[in-house]
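Everything on this sheet refers to the single structure shown next.
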Amino acid sequence: MYNKYVWKLCLSWTKQDIHHLERFFFDNFLFPNLRVLEFSNAAAQDHILYPMIAAAKKSLSSLNLSQCYCLSSAVIKPLLTMAPHQMESLVLYGCGKMSSHILADIIHRHCNTLKRIRLTDANDAILDAIQKCKKLSDLGLEHCSDATLSSSALSNFFTSLSRHQAQLTHLRLRDINSLTSQHLRIIANTPTIQTSLVHFDMSECNRIDSEGISWLATECIHLESLLLAYQEGVTNQAIQLFIQNCQLLKHVDVSGCRLLTDHAFYPVLNNASSNLITVALETLNISGLDQISPSLIFQLLNKISSLQELCLGVTYDLDEADLILQIMNSDTTHSRFYYLDMEKFCTICKLPSQITPPVNLASRKQPLPCQRHMEEENDAETMSRLPSLSTWNIPLL
């Protein structure tokens, strides 16, 4: 009898020992007034989730089935028979068995209300359907081959966004084979996107050159999150432009951008030293950057007091990292303390100010128990502020 009072259900199976709960739970509970369903990272079958979605089709407005790799199009068919223009959010990362025709039909049916769309392996037909979503503010596309998503379709799409004055706040274009610098130019020259875009992820797009990245750095100056992992076109000059123009940047991921050297980060160090410009940087991923010196890492930690996490990557020399920590934690000119978290791929983390540092903090290579407890309590926040896990080729946010 209490089922009708449930309007939001969020489940993410991150541990093997709770997978056995799936079938029992969905065989015994349906929620007819459910508005938000988030069910991710599970080997769920269609017959388990379909009844849940079908029972809530009069109220459901947000659906997230990320990384449920076994699901097919059958599980989302209730979205075609519910009232039109009801869905507001559709997240299907990693659902590779979905029919593109059914996805396009669903997007068409709810085009007047959809604000968030995140998909894997989208094609031209799906992108054409997304064009009709005038309220779209959050778009994520990943792992799209040029055989299914063409360069001309992308050009038409971004031109349409510019023409309709779209106000995207979040744009994720990860591993899009047909994405070029000309597409970035269209994005950068769209006045509404220039002012609205705060989160941009363009990792693993191999046809982007430094000129295209520089256009973004010059025009999209309100960015708070920037993910450019494994981009061959990312140069020192491009990163310097982002640092100089985007003074609200909090989260930066340039892992695997092998052209970068210490010079890329000199502007942020100068800003921090001058005290004329506030540096907002909180997380920085520089894993896989072989030309970055230990001296620069020390200066980043020493001069940027806002920096909470600095990811060095699993191949970084642990003795070198320990030495940096030793120097930082013995410095009496500041009250900040750091430790090395190996579970975050060799990330130097700032110890929260309310926690008393242990005596052996300098050589610690595992997360502190208190910090791990805090992360479990604030999992959603942690996942939103850290770089995408797929940067390190791990199943994903």
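Quick note: the coordinates plus some simple rules give every number you see, no bench work behind them. Please read these numbers as outputs of a predicted model, since none were measured by experiment. Cβ sites come from the backbone with ideal geometry, for glycine too, and all protein chains shown count toward neighbours.
With K and R counted +1 and D and E -1, the other residues having a Cβ less than 15 Å from that of residue 133 yield a net charge of +4. Karplus-derived 3J(HN,Hα) values for the range 237-254, using 6.51 cos²θ - 1.76 cosθ + 1.60 with θ = phi - 60°, are 4, 5, 5, 4, 5, 4, 5, 6, 8, 9, 7, 9, 4, 10, 10, 10, 10, 10 Hz; glycine and proline are entered as x.
Note on 174, 336: ascending count of other Cβ atoms within 10 Å places them as 336, 174, the fewest first.
The length gained by stretching the chain between residue 330 and residue 273 to full extension, at 0.36 nm per residue less their Cα-Cα distance, is 18.5 nm. Listed by chain and number, the lysines whose alpha-carbon sits under 29 Å from that of residue 132, ignoring those within fewer than 8 places in the same chain, are 8, 57, 58, 77, 97, 115. What the Cβ-Cβ distance of residue 128 and residue 165 gives, at R0 = 22 Å and to the nearest 0.05, is a FRET efficiency of 0.70. Taking 0.36 nm per residue of separation and subtracting the Cα-Cα distance, full extension of the segment from residue 33 to residue 6 would add 9.1 nm.
Positive end of the dipole of the range 1-136, charges at C-beta (+1 Lys, Arg; -1 Asp, Glu), about the Cα centre: which of 42, 136, 102 has its Cα farthest in that direction? In the range 1-136, that residue is 136. Note on residue 74 and residue 101: the extension gain reaches 8.5 nm, defined as 0.36 nm multiplied by sequence separation minus the Cα-Cα distance. Neighbour counts of other Cβ atoms within 10 Å put 200, 242, 29, 157 in the fewest-to-most order 29, 157, 200, 242. Charge dipole of the range 101-260 (Cα centre as origin; +1 on each Lys and Arg Cβ, -1 on each Asp and Glu Cβ, all else neutral): 580 debye, rounded to the nearest 20.
The HN-Hα couplings worked out from phi for the range 303-318 by the Karplus form 6.51 cos²θ - 1.76 cosθ + 1.60 (θ = phi - 60°) are 9, 9, 5, 7, 5, 9, 9, 10, 7, 9, x, 5, 8, 6, 5, 5 Hz, whole numbers, x standing for Gly and Pro. Within the shell of other residues whose beta carbon sits under 12 angstrom from the beta carbon of residue 152, the net charge comes to -3, with Lys and Arg scored +1 and Asp and Glu -1. Seen from residue 223, the other residues with C-beta closer than 14 Å to its C-beta sum to a net charge of -3, counting Lys and Arg as +1 and Asp and Glu as -1. Ordering 290, 121 by the number of other Cβ atoms within 10 Å of each residue's own Cβ, fewest first, gives 290, 121.
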